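Working notes for the structure below.
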Amino acid sequence: MSSLKPKEIDFNEQWSIVLGTVRSVISMGRFGQTDRAIWQERFFDIYYLCVATPDSHAERLYEETKKFLEDHCKSMKKDIAESDQNMLSIYVKYWTEYKTGSDWLNTLYAYLNTHYVKKRQANDMDTNYQPFECNNDTIDPPLVEIGEMALDCWTKIIIEPLKDRLVKLLLEQIHLDRICECVNQTTIKGVIMSFVDVCQHRKLNILELYEKSFESPLLQATGEYYREEGNRCLAKLDCIQYMRKILLLIDDEEFRSRKFLNPTSYSKVYNECLQRLVCDHFDTFKSECNELIIKEDLDALRNMYKLLKPTHIGINYMVEKLQDNIARIGHEKVQSLKGENLSTLFVETLLELHTKYMNVIKETYANDPEFVSSLDKACATIVNMKYGNRLSAKAPELLAHYCDSLLRKSSKAATDSEIEEKLLSSITIFKYLDDKDYFQRFYQKMLARRLINQQSISIDAEEFMVTKLKQICGYEFTGKLARMFQDIKVSDDLNIKFLEYVRSELSSSSSSQNQTMTNLLGLDFNIYVLQQNSWPVAQTITNTFILPHLLEKPLHMFEAFYGKKYSGRKLCWMYNLSNAEIRMTHLDRSYFVTMGTYQMAVLLQFNDHQQLTLTEIEEAIKINIKELEKQVLSLIDAKFLIGNTSELTMNSVISINFDYKSKRTKFKIPLISQKEANHDSESSQKAIEEDRKFYLQAVIVRIMKARKVLKHNSLIEEVITQSKQRFLPSIHIIKKCIEILIDKQYLERRTNDEYSYIA
Amino acid sequence: MSTQSTNNNTNNPTSDVVTSSVPFTLKRWNLVGIWSWDVAHDVCAICRTALSESCLRCQAASNLQECIIVWGTCNHSFHNCCMSQWVKQRAQCPLCQTDWVINRIGQ
Ligand SMILES: [Zn+2]
Ligand SMILES: [Zn+2]
Ligand SMILES: [Zn+2]
């Protein structure tokens, strides 16, 4: 050991020494540990054999070692094969010992491995030798390191001839484990894992031996076992019990996999179980599913979901059934709604349904996105259900009403955050609307009323809602709403400027600086000037109304003021939307009443006369007789005037009620024009149709401007994509709009199915 | 409308409030008015879209605020966007063929 210099060595002599150590290393368990000094010595013996002069003994050493290992394996094989009862445990005992020994041996032969085996392998590579695909017997098997060689011997000499018997025993043991007999877990796992570990050096198909020899028979046996087990269980259990039972079986089997198998088998065994226990009995599941949903047996449904989700069959059927049921329940609930507060009932019913099923999906279906989207689809069908023959679903209107009731000053005091929370939940329903433009129309109408009558609960809450709508549908959708707020702000400004104007017109003295409108004009005069196409108000074409005298001057002053400020604009006064506050001073005490302009005009007539006929009033204020009757009736209803309401004719005498009494001194009576007739929704339907056409034209122009040339179908598709956030346009209406644009020379038809943009 | 008796009612407003010699006294009036462009035809002859709306190109560009209206000395009116394109080719009113001179711009 003093020198590493190569020297002449007698192989036989040296080998017999080495062999003794090799033997004790490979069967370390049986012959005890090799002591360290001897180990060191053998390590160098192997070195000297390899570097021996004149010729290396490496090749002989390799061959002799191989021969020894083969003999060793053969003798072990005999022992194992002849052990009958204990075959598995003897196998494991030998294997564990041999495996450890082979690792040590590989270390002991480090020099041979590095300087002989690896070099030869490298040479073989150079000469295009392909070690992995070579099955040719005439060529020597490729050289491998000693450790690998040892394992190959084990495979070839022990596993190959014994594997059928081994596997049969393994499957028996696993079966015993399934029926809860006691088995030796360590032994079973040891044998099974030997099929994997023995191939650990391979570069390809490491699992081939394991899979072919063991796993595949295992899966087959597993399938057969659970086929029988499934049938047996189903014969005595109902579906709910069956699902509970097989979940336990599957859990057990998963646990068993972890006890015995290579991790690559876990999912295969699991799938085999599902196939036999779940998929084979899918019909049973299917026929029970609907019933469970109706009964709301969430435990059973949760089990069914757990069982079906991982199979190839999947949960489509369950999803479909849930969707049908939610839609059905929703339809029933909505259809049975009646009463005064329909809009609130409608929205709250839907929200309740939505919340309930969100929870069900969370608790029962693990928040599975497929179920979430089935809830969405169900809600959409409920919300967009068309009642009777009417084209428009009721939902947009009801939802807008609901928002209106939240945003209108009312007796029900709610905090800002409560209101915002409720508005937010109304957005949940809004998202389901197909015809969002219908909602917008109704919403706009009600917003107009809130703004004009100063009934908004707060501008913050109003803007909160509009912001939410904008987030969903975009700027254009809420553009008009935003401009309505803008008009109100502009009007506030305008009123301040108008007051300054009145001051400068009516008094020359500097004392007028602090004069109020009431000081100057005799009443508090406030004007909203709104832009026509932002507000959902129809102009009354023939307006013969004669203003009360005291209002003429203020009005003319304003018109003069406005004409100086803006050019190119004309104003149209919407008396039916305007309101007035009247102080009644002829009674037990003063009352302040807010009412419509026409109602105010009628009452003012009675300042000069204690009683008047309808004809006389008509001559004085010149409004349509039908309209006038309504106004007068409303004042008689309010008990400000006295008259025979059942038979109102042109000659009916109406007089002041001097005995009027009320607990409240400041209140309002309903403006007659606020009560909307039925034909109103029809006319708004037409207006919406027009809006849609206009909107679609703008969309088409936008698309064509960007794309220049487009095929018909692509254009249609693109238009639908861009407008479905607002409504679902029919192909028919899109085609119509394309025609209009061709007519207006925005587009031209290039070929039969292609359009181009005209700049 | 008659304006003969206007003065009687508004000349002395403060006393009216104090004495309340009549049963009904008007305290406040919230008047609502709608403004629109003062045009003979509501449709722009160039883009054939309502003058109360933005022109179609402005709609397509989601440019809703900028689209204003111009009147010529002939008193015909158009979207300013549409007219400024038009006069690049022909400096005449598309409706009456007189030379186009801007009379006023809507504001
Ligand atoms: Zn135009
Ligand atoms: Zn424009
Ligand atoms: Zn002209």
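About its Cα centre, what dipole magnitude does the range A:428-544 give when the only charges are +1 on Lys and Arg Cβ and -1 on Asp and Glu Cβ, stated in debye to the nearest 20?
Using Cβ point charges on Lys, Arg, Asp and Glu, the range A:428-544 gives about 280 debye.
May I ask you to list the aspartates and glutamates whose Cα is less than 19 Å away from that of A:Lys431, ignoring any residue fewer than eight positions away on the same chain?
Result set, ordered by chain and number: A:Glu348, A:Glu352, A:Glu370, A:Asp376, A:Glu397, A:Asp404, A:Glu420, A:Glu421, A:Glu462, A:Glu463, A:Glu476.
Order A:Tyr528, A:Tyr566 by their accessible area, 1.4 angstrom probe, all chains in place, largest first.
Solvent-accessible surface, decreasing: A:Tyr566, A:Tyr528.
If I stretch the segment between A:Asp103 and A:Cys180 completely, what's the gain in nm (0.36 nm per residue apart, minus their alpha carbon distance), one decimal?
Numbers: separation 77, 0.36 × 77 = 27.72 nm, distance 3.69 nm.
My answer for the length gained is 24.0 nm.
Amide H of A:Ser567: which non-local residues (sequence gap of 5 or more, or other chain) have their own amide H closer than 5 Å, using H built in the peptide plane?
The list, which skips near neighbours in sequence, is B:Gln107.
So for the pair A:Thr114, A:Glu421, with labels modelled 7 Å out along Cα→Cβ, what separation do we get in nm?
7.5
Roughly how much of A:Ser89 is accessible, in Å² to the nearest 10, using a 1.4 Å probe?
Accessible area, nearest 10 Å²: 50 Å².
Give me Rg/Rg_expected for the range B:31-107, where Rg uses Cα atoms only and Rg_expected = 2.2 N^0.38 Å with N residues.
Against the empirical 2.2 N^0.38 Å value, I get 1.09 for the range B:31-107.
Would you work out the relative contact order for chain A, in percent, from Cα pairs under 8 angstrom that are 6 or more residues apart?
RCO, chain A: 6 percent.
For chain A, what is the accessible area per residue in Å², given a 1.4 Å probe and the full set of protein chains?
Each residue of chain A exposes 50 Å² on average to a 1.4 Å probe.
Heavy atoms only, probe 1.4 Å: what % of the accessible area of the protein assembly as shown goes to carbon and sulfur, would you let me know? Can you show the working numbers first?
On the way: 21250 of 43550 Å².
So the carbon and sulfur contribution to the accessible surface is 49 percent.
List, in order, the whole-Hz ³J(HN,Hα) value for each residue of the range B:28-43 obtained from phi through the Karplus relation with A = 6.51, B = -1.76, C = 1.60 and θ = phi - 60°; use x for Gly and Pro.
My calculation for the range B:28-43 gives 8, 9, 9, 9, 10, x, 10, 10, 9, 5, 7, 10, 6, 10, 7, 10 Hz in order.
Calculate, for A:Lys724 and B:Thr98, the FRET efficiency according to 1/(1 + (r/R0)^6) with r their C-beta to C-beta distance and R0 56 Å; round to the nearest 0.05.
Computed FRET efficiency for A:Lys724 and B:Thr98: 0.75.
Cross-link candidates for A:Lys203: which aspartates and glutamates have Cα within less than 17 Å, leaving aside residues fewer than 8 places away along the same chain?
Leaving aside aspartates and glutamates fewer than 8 places away in the same chain, those within reach of A:Lys203 are A:Asp124, A:Glu133, A:Glu145, A:Glu148, A:Asp152, A:Glu211.
Based on DSSP H runs of at least 4 residues, each adding -39500 (n - 2.57), what is the mean residue ellipticity at 222 nm of chain A after dividing by all its residues, to the nearest 500 deg cm²/dmol? Provide the component values of the computation, followed by the final result.
On the way: 30 runs with 469 residues, N = 759.
Value at 222 nm, helices only, nearest 500: -20500 deg cm²/dmol.
Rank B:Leu31, B:Thr98, B:Cys44 by how far each Cα sits towards the positive end of the charge dipole of the range B:31-107 (+1 on Lys, Arg Cβ; -1 on Asp, Glu Cβ) and give me just the farthest.
Value: B:Thr98.
Out of every Cα-Cα pair in the range A:173-283, what percent are more than 18 Å apart? The partial results should precede the final answer.
Values: 3150 of 6105 pairs.
When all Cα pairs of the range A:173-283 are counted, 52 percent exceed 18 Å.
Tell me: how much accessible area in total is hidden between B and A, 1.4 Å probe, Å², nearest 100?
When B and A are taken together, about 6100 Å² of accessible area is lost.
Of A:Lys445/A:Lys626; A:Lys77/A:Lys156; A:Lys295/A:Lys338; A:Lys286/A:Lys309, which ones are farther than 18 Å apart at the Cα? Numbers along the way, then the final one.
Working: A:Lys445/A:Lys626 24 Å; A:Lys77/A:Lys156 11 Å; A:Lys295/A:Lys338 26 Å; A:Lys286/A:Lys309 14 Å.
In this structure, A:Lys445/A:Lys626; A:Lys295/A:Lys338 exceed 18 Å between Cα atoms.
Compute the separation of the alpha-carbon centres of the range A:449-471 and the range A:561-626 and state it in Å as a whole number.
Centre-to-centre (Cα) distance: 29 Å.
Go ahead and collect, in residue order, the members of the range A:718-737 whose backbone nitrogen is under 19 Å from a label point 7 Å along the Cα-Cβ direction of A:Asn533.
Once the point is set 7 Å along Cα→Cβ of A:Asn533, A:737 turn out to lie under 19 Å by backbone N, inside the range A:718-737.
Would you mind estimating how fast the range A:677-757 diffuses translationally, via Stokes-Einstein at 10 °C and 1.306 mPa s with the Kirkwood radius over Cα pairs, in µm²/s?
Value of D from the Cα-based Kirkwood radius: 121 µm²/s.
Which whole-Hz couplings ³J(HN,Hα) result when phi for each residue of the range B:86-102 is put into the Karplus expression 6.51 cos²θ - 1.76 cosθ + 1.60, θ = phi - 60°, listed in order with x for Gly and Pro?
4, 5, 4, 9, 8, 8, 10, 5, x, 8, 10, 6, 6, 4, 7, 10, 6
What residues in the range A:607-624 lose 30 Å² or more of accessible surface when the other protein chains are added to their chain alone (1.4 Å probe)?
The answer is A:Asn607.
If R₀ is 60 angstrom, what is the calculated FRET efficiency for the pair A:Asp280 and A:Glu629, using the beta carbon separation as r and rounding to 0.05?
Calculated value: 0.15.
The values are calculated or read from the model by the stated rules, or taken from the named source; none is laboratory data. None of the values given here were measured: they were computed from a predicted structure. As a convention, Cβ positions derive from the backbone with ideal geometry for all residues, glycine included, and neighbour counts pool all protein chains shown. What goes into the accessible areas is simple: the full protein's heavy atoms, side chains included, and nothing from ligands, DNA or RNA. Shrake-Rupley method; radii C 1.70, N 1.55, O 1.52, S 1.80 Å.
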